[in-house]
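Just below is one structure, and these are the notes that go with it.
The values are calculated or read from the model by the stated rules, or taken from the named source; none is laboratory data. Treat the numbers as computed from the prediction; the structure is a model and nothing was measured. Using ideal geometry, Cβ is built from the backbone for each residue, glycine included, and neighbour counts are taken over all protein chains shown.
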Amino acid sequence: PGFGSSGYLLSGIDNGRMLALVHAKGTLLYSQKDIERASEAFQEAVLISLGRQVTGIQELIRRIQVALSPRTCQNAPSQKSQSLQPLMLSPEKARHTAHLVFGGTGELPGLQFLRNGPSKRAAVQTTSNSLLSLAKILQDAMSSGKVDFGLFRGSSQVGDILALYYLSLSLQESPSTANNVGILLAGVQQGITTSSNTAGRKMSQASIPGIAPGSGLALALAYYNYGLQLDPKHVHLYTNLGSLLKDVGQLDSAIQMYERAVSCDGTFDIALTNLANAVKDKGRINDA
């Protein structure tokens, strides 16, 4: 069953092995700084998991965005302009992405032929990692102004990357994914979409001066806290949370987060530098 569903002349039960091979290729290329070919390999890995039911990553991104958008947006004649705005979701809603996109149990079409057990769980994890790696490559490229992987065609770059992260997170909860989503959302100057207003308010109940409920900053805060629930010793999450708090004037809280980051890893230069600067801003020159 499922012969050729991966795009190769293999039985469906072998899709997991082919997926692992292609993902390993992408990881190797990435370690060799061959970013464009690594991106192509990670895209190929995702397409294998989807059983070639989409023609490319851009089509997958659109499917995710349609599945997660409010019905009013899906049916609106101005859908094209709607898609230009990033879909901002709370962690709680993002965790259901696979179920909303693929229906039922949220099973990936290309992995339905694998027997339930460790090998299938490994394949799902590999797919999640491929999505995470691809999204991170695009996020880094966008930050450096070098986005050119044939993925972004007139749509929101941030929105496309978020869609990949949401699906990755729904397949496997990851503090690294939560951290990356938080970084993206912290830079979005837009209110939360209608579909996630309730969830956004729920995640922002602990009101912090300078952070408007439903804003990109509020959701970034939610993702950082969510990530720390998954890994209470994640140095990058503490550091980015500290920077967010410092940016909104919560200097004492920011210093606490930087101190926690340093306690997790005393060699992490960014946390040490940020802590020193924050302490200096507080007027404690000698401590800095």
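Key figures
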{"read-out": "Hey, S128 part of a helix (DSSP H, G or I), at pLDDT 95 or above and out of contact with any Lys or Arg (no Cβ under 8 Å at 6 or more places or on another chain) or not", "value": "yes"}
{"read-out": "Residues that are surrounded by fewer than 21 Cβ atoms within 10 Å (Cβ to Cβ), in a helix (DSSP H, G or I) and modelled with pLDDT of 95 or more, drawn from region 137-175", "value": "P175"}
{"read-out": "Those residues of region 231-253 which are assigned to a helix (DSSP H, G or I), surrounded by 18 or more Cβ atoms within 10 Å (Cβ to Cβ) and not hydroxyl-bearing (S, T, Y), in sequence order", "value": "V235, H236, L237, N240, L241, G242, L244, L245, K246"}
{"read-out": "Residue list for region 269-282, filter: within 11 Å of V235 (Cβ to Cβ), touching a residue at least 24 places away in the same chain (Cβ under 8 Å) and surrounded by fewer than 18 Cβ atoms within 10 Å (Cβ to Cβ)", "value": "I270"}
{"read-out": "Matching residues, region 254-269, being of a type in the set (S, T, N, Q) and in a helix (DSSP H, G or I)", "value": "Q256, S263"}
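Okay, residues lined up against (1) within 23 Å of S170 (Cα to Cα); (2) surrounded by 17 or more Cβ atoms within 10 Å (Cβ to Cβ); (3) touching a strand residue (DSSP E or B) at 6+ places or on another chain (Cβ under 9 Å); (4) at pLDDT below 95:
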site	(1), (2), (3), (4)
S6	yes, yes, no, yes
S31	no, no, no, no
F42	yes, yes, no, no
N75	no, no, no, yes
Q79	no, no, no, yes
